[in-house]
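Student: Sharing a structure here in structure tokens format.
The values are calculated or read from the model by the stated rules, or taken from the named source; none is laboratory data. Computed from a prediction, not measured in an experiment: that's the story for all the values here. Positions of Cβ are backbone-derived with ideal geometry, glycine not excepted, and every protein chain shown enters the neighbour counts.
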Amino acid sequence: MTAGGSADPIRLTAGDATLEMRPADGGRLASFRIAGRELLVTGRTDPMGWGCYPMVPFAGRVRNGRFGFDGRDYQLPLGLPPHAIHGVVYDRPWQVDDATTLSVALGPPWPFAGRVIQRVSLEPGRLVLTLELHAAERMPASLGWHPWFRRRLNLDTGTDSAVAEGAGAVSAEAELDLDAGSMYLRDADGIPTGTLVPVPPGPWDDCMTDLRAAPVVRWPGSLELELRADVSEWVVYTELPHAICVEPQTGPPDALNLRPVVVEPGQPLSARMEWRWRSLEAAARG
């Protein structure tokens, strides 16, 4: 890995954890292993469906890819027709600024100029990621991360969880502890309306808010992972058999229309996400 490049992965190790970040694949965490077990879905060709990637300058869907700002209307590419989705940098190469810092310029198809900086810090028992959106001109924005956690953990880091379940998986299926006070109501297009409702039983593909505790993904008998972030919205996606997504965001999906944050030059929008983990294997053996 060399500063200014974008092709070589960044690899970090601390305690029992190892990570690989790929600047060329949207600045994402491509692999995150604890005691040899891969936590993230890997090896997928769809850039939306694996690893843990930044969503900038908007997180989640934008209705019909359209939004208005300062008296003008804008049209975004439809990444998941009929909607735009997950920002414009998750499938673009990022620049390596130093051993723990990546950045990427904002521009077309995003109609405003700016720069996004992502920093990673790994130490025993803790991973911290930060995102900063620096605007070169006034713009609306939201940001966040989209992690894809495996339903089951195994020791083969070369297969995704769907394969691993039939090939020597070693953990029970993941459980999610989620204590949210409310959820955004979605309309027939799957887009939040702004109305908050009580959280029904899952499965979910929904934006939660008013969390009373940090979400926890638990693989019984193997590992427990606590997710913390300095944001108020969390999109939770539990409808697929091979993965669970717990996505901290600075605003709900369609925030550019529903509740945009206006980012000014010299006043960046930022977010911080922290993962903490503990082994459950000793307790399971006991």
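Student: Between a residue in the stretch 104-128 that is acidic (Asp, Glu) and any residue that is surrounded by fewer than 16 Cβ atoms within 10 Å (Cβ to Cβ), which pairs come within a Cβ distance under 6 Å, given they are 6 or more apart or on different chains?
Tutor: Here the result reads Glu123/Ala14, each pair linking the stretch 104-128 to a residue that is surrounded by fewer than 16 Cβ atoms within 10 Å (Cβ to Cβ).
Student: Let me ask something additional. Considering only the stretch 192-201, state which residues are farther than 11 Å from Pro253 by Cβ, surrounded by 14 or more Cβ atoms within 10 Å (Cβ to Cβ) and not β-branched (Val, Ile, Thr).
Tutor: Leu196
Student: Within the stretch 136-150, take every residue that is buried (at least 22 other Cβ atoms within 10 Å of the Cβ) and of a type in the set (Gly, Ala, Ser) and give me the one that is farthest from Gln249 (Cα to Cα).
Tutor: Ala141
Student: Continuing with this model, one more query. Against the conditions (1) out of contact with any Lys or Arg (no Cβ under 7 Å at 6 or more places or on another chain); (2) under 21 Å from Ala255 (Cα atoms); (3) surrounded by 15 or more Cβ atoms within 10 Å (Cβ to Cβ), where does Pro109 fall short? Just the number, please.
Tutor: (3)
Student: Is it true that Glu38 is buried (at least 20 other Cβ atoms within 10 Å of the Cβ) and among the charged types (D, E, K, R)?
Tutor: The answer is yes for Glu38.
Student: Just checking, how many residues over the stretch 4-53 are farther than 15 Å from Arg119 by Cα, β-branched (Val, Ile, Thr) and assigned to a strand (DSSP E or B)?
Tutor: Residues flagged as farther than 15 Å from Arg119 by Cα, β-branched (Val, Ile, Thr) and assigned to a strand (DSSP E or B) within the stretch 4-53 amount to 3.
Student: Restricting the search to the stretch 244-269, which residues are assigned to a strand (DSSP E or B) and either surrounded by 15 or more Cβ atoms within 10 Å (Cβ to Cβ) or at pLDDT below 95 (or both)?
Tutor: Result: Ile244, Cys245, Val246, Glu247, Pro248, Gln249, Val261, Val263, Leu269.
Student: If you scan the stretch 61-70, which residues turn out to be in a strand (DSSP E or B) and either surrounded by fewer than 18 Cβ atoms within 10 Å (Cβ to Cβ) or free of Cβ contacts under 8 Å to residues at least 24 places away in the same chain (or both)?
Tutor: Within the stretch 61-70, Arg66, Gly68, Phe69 meet the criteria.
Student: Do you know which of the residues in the stretch 179-223 that are under 24 Å from Glu281 (Cβ atoms) and touching a residue at least 60 places away in the same chain (Cβ under 8 Å) is farthest from the chain's Cα centre (by Cα)?
Tutor: So the residue we want is Gly221.
Student: Answer with yes or no whether Phe58 is among the aromatic types (Phe, Trp, Tyr), crowded, with 17+ Cβ neighbours inside 10 Å, touching a helix residue (DSSP H, G or I) at 6+ places or on another chain (Cβ under 9 Å) and in a loop (DSSP other than H, G, I, E, B).
Tutor: Judged against the criteria, Phe58 is a match.
Student: Sticking with this one: Among the residues of the stretch 217-243, which ones are hydrophobic (A, V, I, L, M, F, W, C) and surrounded by fewer than 17 Cβ atoms within 10 Å (Cβ to Cβ)?
Tutor: Hit for the stretch 217-243 is Leu240, nothing else.
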